[in-house]
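Q: Input: one structure, supplied below.
The values are calculated or read from the model by the stated rules, or taken from the named source; none is laboratory data. Predicted, not measured: the structure shown is a model, and the values here were computed from it. Here Cβ is always computed from backbone atoms with ideal geometry, including for glycine, and neighbour counts include all displayed protein chains. Note: areas computed on protein heavy atoms with side chains; ligands, DNA, RNA excluded. Shrake-Rupley method; radii C 1.70, N 1.55, O 1.52, S 1.80 Å.
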Amino acid sequence: MTTTHFTTRFAPSPTGYIHVGNLRTALFNYLIAAKSGGEFILRIDDTDPERSKEEYVDAIKEDLTWLGLKWDRIQRQSERLERYAAAADKLREIGRFYECFETPVELDLKRKKQLNMGKPPVYDRAALALSEAEKDELRKTRQGYWRFKLDHTRIEWTDGIIGDVSIDAASLSDPVLIRADGQVLYTLASVVDDTDMGVSHVVRGADHVTNTATQIQIMQALGFQTPEFAHHSLLTGPQGEALSKRLGTLALRDLRERGVEPMALLSMMARLGSSDPIEVFGTLKDVAEGFEIDHFGAHPTKFDVEDLFPLTAKYLHTLDVSDVAADIAALGVPDELAEQFWEVTRENITTRADLGAWWGLFSQGVAPVIAPEDAEFVEQAMALLPEGPLDGGTWKAWTTEVKAATGRKGRGLFMPLRKALTGMDHGPDMSAILPLLQVIKARG
Ligand code: GLU
């Protein structure tokens with residue numbers, strides 16, 4: 001049996017922190033490569049020297065590492081500029097690249113005129129009609145920039161998510177591939193990279209569909225093979241509202257800060273918007289096994305950040321004490337209590353940070369909550385608390401004695417004691433809590 005190893009890439013621009021929207025792209029690409037035993041490339045799209053920042057490159061690596069999305073290699077576009085220049089030369093040679101001189105203001109004016117006349121705002125190719133003498137004249141005052149000349153045919157591909165796509169190239173402007181300042185733009189750089197790096201599957205957001213159409217033609221013009229394409233839908237807020245403005249608050253580092261567990265986030269993102277139910281996976285390998293890109297729908301996908309917290313809690317419940325040993329030790333929980341502490345708290349936490357609150361309660365105690373009508377009862381009960389080490393049987397023995405002494409029973413007996421000892425009217429089993437209450441142990 002032959003297995004095909006797929007090569008994918010995640011290609012963020014280091015111009016900001018990556019957020020849940022980027023994560024979908026990163027994860028899908030990672031899973032396709034992982035599932036096929038292929039290669040996952042982290043490609044840093046840093047051709048824009050002004051907007052690209054080294055601190056964001058570091059942050060992207062840090063965020064992916066936090067999630068366990070390990071890349072097999074890293075590539076930087078800023079180190080590959082000659083490759084793009086060579087491709088540009090080739091396009092010039094074959095007559096598919098032409099120099100333009102319109103300023104942004106002039107282009108804007110053209111667009112407005114077209115729209116006024118009810119026409120689509122597609123670049124009119126006026127620069128194609130310039131003579132060499134006219135261009136020389138223009139070059140005296142302006143820097144030229146370069147557009148790829150699209151073939152006015154239909155561009156078609158079968159998208160891994162959207163299905164059959166057919167776009168009339170005549171409805172698109174010839175894309176600018178080199179700016180007036182000489183900067184190579186992403187559209188060209190990406191095509192060269194995807195080919196040089198042997199990328200077999202390009203998965204990215206639906207906002208790139210038009211890019212794909214033009215990139216397919218550029219690839220064909222350069223004699224490159226086109227990869228498979230899949231465009232996942234964009235995320236919206238819970239009410240279907242655009243998320244673009246809020247994405248700044250949905251940076252992965254903010255979610256990390258809020259205690260979201262990587263596996264909760266990955267489990268959700270690997271299923272949200274697909275026909276498969278969301279379940280909490282223990283490892284990325286498990287996530288990859290059931291991942292099918294064609295199970296995803298093309299419609300915008302609703303995302304509610306709050307849903308990550310129940311999933312985080314659910315994931316934490318599955319952990320063994322050894323998985324959280326470092327967190328527990330960091331709180332100062334004595335080793336011999338670690339297991340007991342975890343058993344008592346695991347189902348009563350939403351994030352790991354909640355462990356701290358529990359240990360605070362056990363080690364420092366809380367302000368007891370005692371209703372006036374229970375004050376005497378609680379005092380009486382506390383006096384009956386057995387001397388010596390508290391264990392799993394203490395609660396039962398103690399409350400039996402309290403019951404006999406006070407005549408109280410059921411809720412009227414247990415609840416005032418729970419509230420006096422934990423400050424809450426709910427929580428883990430009192431017989432499990434009692435042995436952990438260092439405050440009581442310390443009472444001498
Ligand atoms: N740097 C591009 C972006 O972040 C990459 C798009 C692609 O995957 O080709 O949108």
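Q: Whole angstrom only: what separates the Cα centroid of region 267-294 from the Cα centroid of region 78-130?
A: 42 Å
Q: Only Lys, Arg, Asp and Glu count, each charged at its Cβ (+1, +1, -1, -1), so figure out the dipole size of region 315-426 about its Cα centre, rounded to 20 debye.
A: Values: 9 positive and 17 negative charges, 103 e Å.
Dipole of region 315-426, to the nearest 20 debye: 500 debye.
Q: Would you mind getting the accessible area per residue of region 269-350, heavy atoms of the protein chains only, 1.4 Å probe, in Å²?
A: Using a 1.4 Å probe on heavy atoms only, each residue of region 269-350 averages 51 Å².
Q: Counting only heavy atoms of protein chains, what accessible area per residue, in Å², does region 162-225 have with a probe of 1.4 Å?
A: For region 162-225, the solvent-accessible area averages 33 Å² per residue.
Q: Could you work out the local net charge near I94, counting Lys and Arg as +1, Asp and Glu as -1, over the other residues with Cβ closer than 12 Å to its Cβ?
A: Working: positive: K90, R92, R96, K149; negative: D89, E93, D151.
Net local charge, I94 excluded: +1.
Q: Considering the dipole of the chain built from charges on the beta carbon (Lys and Arg +1, Asp and Glu -1) around the Cα centre, which of A251, L284, L361 is farthest to its positive end?
A: Ranked along the dipole, the leading option is A251.
Q: Around L177, which amide H atoms from residues at least 5 apart in sequence, or from another chain, sit under 5 Å from its own amide H, with H modelled in the peptide plane?
A: W146, R147, F148
Q: FRET efficiency for D429 and V369, Cβ-Cβ distance as r, R0 = 22 Å, nearest 0.05? Working shown, then result.
A: Details: r = 19 Å, r/R0 = 0.84.
Between D429 and V369 the formula returns 0.75.
Q: Compare the Cα positions of A381, V305, W395 along the charge dipole of the chain (+1 at Cβ of Lys, Arg; -1 at Cβ of Asp, Glu; about the Cα centre) and return the one farthest towards the positive end.
A: V305
Q: Further question: Placing +1 on the Cβ of each Lys and Arg and -1 on the Cβ of each Asp and Glu in the chain, which of N29, L436, F341 has its Cα farthest towards the positive end of the resulting dipole?
A: N29
Q: Next question. List the residues, sorted by chain then number, that are 5 or more residues from D159 or on another chain and whose placed amide H is less than 5 Å from its amide H.
A: It is D164, V165, by chain and number.
Q: Given a Förster distance of 25 Å, report the FRET efficiency between Q114 and V209 from their Cβ-Cβ distance, rounded to the nearest 0.05.
A: About 0.70, to the nearest 0.05.
Q: To the nearest 20 Debye, how big is the dipole of region 1-143 about its Cα centre, given +1 on the beta carbon of each Lys and Arg and -1 on that of each Asp and Glu?
A: It comes to approximately 560 debye.
Q: Determine the share of region 251-366's accessible area contributed by carbon and sulfur atoms, expressed in whole percent, with a 1.4 angstrom probe.
A: 49 percent
Q: Do you know the relative contact order of region 285-419, to the nearest whole percent, from alpha carbon pairs under 8 angstrom that are 6+ apart?
A: The normalised contact order for region 285-419 reaches 19 percent.
Q: Which of S275, S190, S131 moves the most in a Gaussian network model of the chain with Cα springs under 10 Å?
A: Residue with maximal mean-square fluctuation among S275, S190, S131: S131.
Q: Might you report the magnitude of the Cβ-based charge dipole of the chain about its Cα centre, with Lys and Arg at +1 and Asp and Glu at -1, to the nearest 20 debye? Write down the numbers at each step before the final one.
A: Values: 50 positive and 67 negative charges, 182 e Å.
Dipole size: approximately 880 debye.
Q: Also: Per DSSP H run of n ≥ 4, the term is -39500 (n - 2.57); total these for the chain, divide by its residue number, and report the mean residue ellipticity at 222 nm rounded to 500 deg cm²/dmol.
A: Details: 19 runs with 196 residues, N = 444.
Rounded to the nearest 500, it is -13000 deg cm²/dmol.
Q: Carbon and sulfur together cover what percent of the accessible area of region 5-156 at a 1.4 Å probe radius?
A: 51 percent
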